[in-house]
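Enquirer: Please see the structure below; I have some questions.
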Amino acid sequence: MIADCDEDNRCLLKSILELKGFNVLEAADGQEAFDIAIERQPDLVVIDLKLPVVSGFTVIRHIRRLAGLRETPIIAISSNKPISHSRLALAAGALRTWKSQLSLIDWIC
């Protein structure tokens, strides 16, 4: 699942992941991301930390409390925010953080 309020970012990452053979779910805000996570239990979550409605930090913490999602890999996008955001995301339960989606895309490709 890709959770990002920027539709262009979601579309770009979705296109790349689909080319790699992944089925991709999308969420435009934190509440939608959490609802999809509960309903669909994705194999991977890529989440922007600055989501509207519910922050990415909060979504990560909530996902980690759910038995069926505790081990789901979560990659947080910190959007070039201070290193403290990366540390908070890791403390909340993210597996890895990236400063931008482009950095993540370079890593995937």
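Only the coordinates and a few stated rules stand behind these numbers; no lab work does. These numbers were taken from a predicted model, which means no experiment stands behind them. Here the Cβ positions follow ideal geometry from the backbone for every residue, glycine too, while neighbour counts run over all protein chains shown.
Enquirer: From the Cα gyration tensor of the stretch 1-64, with a ≥ b ≥ c the square roots of its eigenvalues, which class applies: rounded if a/c is under 1.5, or else prolate if a/b is larger than b/c, or else oblate?
Expert: It comes out oblate by the Cα gyration axes.
Enquirer: Quick check on the chain: helices-only [θ] at 222 nm, where DSSP H runs of length 4 and up contribute -39,500 (n - 2.57) each and the sum goes over total residues. Nearest 500, please.
Expert: -14000 deg cm²/dmol
Enquirer: Between Leu44 and Ala67, take the C-beta separation as r, use R0 = 25 Å, and let me know the FRET efficiency to the nearest 0.05.
Expert: 0.90
Enquirer: May I pose another question? If I compute volume of the Cα convex hull per residue in Å³ from the structure I just sent, which labelled value in [x] 174; [y] 199; [z] 84 lines up?
Expert: Entry [z].
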